[in-house]
Amino acid sequence: MPIRLLMPELVNQIAAGEVVERPASVVKELVENALDAGAARVSIELEGGGADLIRVSDDGGGIAPDELLLAVTAHATSKIASFDDLKAVASYGFRGEALASIGSVAQLRITSRRANDPHAHAIEVDGGFVNGPRPAAGAPGTVVEVQTLFRNVPARRKFLRSQAAETGRVHDAVDAIALAAPGIGFTLSSDGRTIMDLPPQDERTRCVQVLGAGLAPELLDLALELESPELHGPIRIGGVVGTPAAAKASARNQWLLINGRSIEDRSLQHAVREAFRGLMDPSVHPVYALFVELDPRAVDMNVHPAKTEVRLRFPSLVHRAIRRAVAQALERRGLVVTQRLPAMEHPEPTLPLPLGMTQRTIVHADGGIPWTQPTGDAVTELSREPAARSSAHDAAPMRAVERSAPVRFMQIDHAWLVVEEGDGVTVIDQHALHERVMFEDLKARIERAPLERQRLLMPELVDCGTGAIERIEALAPILDRLGLECTPSGARMIAVHSMPSFLVERGVGAQEFLLSIAAGDLRADDPRAAEAALSEVLDLMACKAAVKAGDRLTATEIAALLARRDTIDRPDRCPHGRPTAFRLTTAELERRFGRS
Ligand code: ADP
Ligand code: MG
């Protein structure tokens, strides 16, 4: 074929492929236009989840009648005029292609009236053919109607999900914009029923309403300013973040806005997670609406046609600002990892002991463990009650190293170990310590060879959801080293062919293990991320296989576990960073009883 210029209509359809993916993307473009036009209230109406009709009405400045035709023409915009403008865009729009794109894949009608116009004008675009502008009835402001989306692109129309799913995505899109513009009122209705009604409000109220009013007491304000010589003006972090108590099983309630635009950025999401390190289980997701404001020249918004990704000139600065802002907010709420297991030589001078702490069940001869002096006899394996097992373990055997002096200890509530040693007692979280020990074991093993695996007779199918498939696929080489062999099977299923033997022995199923991996935000796209992912999965394995609070341990098992403390690097921290133990020294006891 000879080279030729594409027809403008075809150009628009190609552009539409990038900007107009589904009703939610249309709504996003139209609502952004309304905000750019200075609207104070925006109303969005959907029919058939937006596939049949999307109507966005605003009370903004309107469009001059003689500019209506330009508005639906590609690369026509009122928002930037030069390359310099592009470097510091203050409006949502600037590409001038949304309306033209939408007009190429749906019936588009715009009715608009400026404040001083005697009446409105309307223009219609259908399959690229333009009708109007002609006089019409209408209040000041603009109404944009989009009918039968993708009518002329059946492949795309078929690709749309259920009405409820599309409506949900529109809801999310409006939430994202509403967070950036708390002073603007938004309503959203679906087939005549109002499903969102946000009056103009202050920023915190808007955040609370979007994240869930029930969470209000758990939402902490973020406020940080970071100056940096590289930037004109500071980086400001605002918005709210939920305490660990507000965390959710899914990552849906995580909003990150840079200069008022909602964006997706794994590395910045990770910055939030890092601030929670040691305070929260890695399998749940913090909720947040986090606003980053910085010099617009340091942010390239023109990376993605729908502007959902940005390129930052100083990503690590922003990363640091976010991490600090979240950590500070948590700290102000008293959420900080403070308890440490001091080295024997440096007993912690003050140790926070919760007031009103009562002695809980101390189990006695009915199978529990009284103060005990094991004879230091055996090389013992730590098994998990009630299913004691004797098989040769793949990882995790707790070999008891003979200690020089036997220790006295007791198990409280099948969860805590109290050990008399040195100058005082150490209180240990049995699960956290065992997890730490297993983690170190596994890490040492994996450095030598892949973990031993157990083939499943039939591959086990696990439904991971469409979102997780790609990520798990990318992690496959890492998982394989750990003994987990899996392949995608269909759009949302993963077939598991083998499992790490020691997990099987500890009764951890493929489904449970894979779903926890899927729930995380692990990636392997660069060596550093891959190493972190390996570590996180090892950590998960250790956590799943470790004894739990509530597991009864025999005296020999406890002795074996305690003995292992000497052989690991940082026995005072479980791999998540939670403390595994704290110490109560005789000096501290004396101080508390006023005897010092
Ligand atoms: P962009 O927003 O990138 O400029 P669009 O295709 O979305 O491109 O819109 C084209 C132009 O139409 C805008 O620059 C603006 O001047 C005008 N316009 C679109 N929607 C509205 C609206 N709701 N109110 C006033 N003007 C609008
Ligand atoms: Mg626009």
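The values are calculated or read from the model by the stated rules, or taken from the named source; none is laboratory data. Predicted model only: the values in this text are computed from it and were never measured. Cβ placement follows ideal geometry from the backbone for every residue including glycine, while neighbour counts extend to all protein chains displayed.
Observations on the model:
- Wholly enclosed strands (runs of 3 or more DSSP E) of the range 444-508 bearing at least 3 residues out of contact with any Leu (no Cβ under 7 Å at 6 or more places or on another chain) and in the same structural domain as residue 540 (by TED's automatic domain parsing): 453-463, 485-489
- Condition check for residue 194: within 30 Å of the chain's Cα centre (by Cα), part of a strand (DSSP E or B) and not charged (D, E, K, R): yes
- Among the conditions (1) part of a strand (DSSP E or B); (2) under 25 Å from residue 286 (Cα atoms), residue 534 misses just one, which is (1).
- When residues of the range 81-99 are limited to those that are of a type in the set (A, V, I, L, M) and within 10 Å of ligand 2 (Cβ to nearest atom), the one modelled with the highest pLDDT: 99
- Complete set of residues in the range 547-596 that are touching a Phe, Trp or Tyr at 6+ places or on another chain (Cβ under 9 Å) and modelled with pLDDT of 80 or more: 549, 555, 558, 559, 562
- Verdict on residue 538 being at pLDDT 80 or above and out of contact with any strand residue (DSSP E or B) (no Cβ under 9 Å at 6 or more places or on another chain): yes
- So residue 130, is it more than 9 Å from ligand 1 (Cβ to nearest atom) and at pLDDT below 90: no
- Test: residue in the range 23-40 that is more than 12 Å from ligand 1 (Cβ to nearest atom), closer than 20 Å to residue 190 by Cα and surrounded by fewer than 20 Cβ atoms within 10 Å (Cβ to Cβ): no
- For the range 541-568, residues that are among the polar types (S, T, N, Q) and in a helix (DSSP H, G or I) total 2.
- Scanning the range 509-527 for residues that are crowded, with 20+ Cβ neighbours inside 10 Å, part of a helix (DSSP H, G or I) and out of contact with any Cys (no Cβ under 9 Å at 6 or more places or on another chain) gives a single hit, 513.
- Residues located in the range 30-80, provided they are of a type in the set (D, E, K, R), in a helix (DSSP H, G or I) and within 16 Å of ligand 2 (Cβ to nearest atom): 32, 36, 67
- Top-ranked residue of the range 467-503 - restricted to ones that are β-branched (Val, Ile, Thr) and surrounded by fewer than 19 Cβ atoms within 10 Å (Cβ to Cβ), ranked as modelled with the lowest pLDDT: 469
- Flag for residue 292 being within 30 Å of residue 436 (Cβ to Cβ) and in a strand (DSSP E or B): no
- The residue list 321, 275 contains one member that is modelled with pLDDT of 90 or more and not hydroxyl-bearing (Ser, Thr, Tyr), which is 321.
- Filter pass, residue 530 being surrounded by fewer than 16 Cβ atoms within 10 Å (Cβ to Cβ) and of a type in the set (Gly, Ala, Ser): no
- Any hit, the range 153-160, residues being surrounded by fewer than 18 Cβ atoms within 10 Å (Cβ to Cβ) and touching a strand residue (DSSP E or B) at 6+ places or on another chain (Cβ under 7 Å): no
- Scanning the range 578-596 for residues that are surrounded by fewer than 18 Cβ atoms within 10 Å (Cβ to Cβ) and either in the same structural domain as residue 280 (by TED's automatic domain parsing) or among the polar types (S, T, N, Q) (or both) yields 586, 596.
- Among the residues of this structure, residue 175 counts as one that is part of a helix (DSSP H, G or I) and more than 16 Å from ligand 2 (Cβ to nearest atom).
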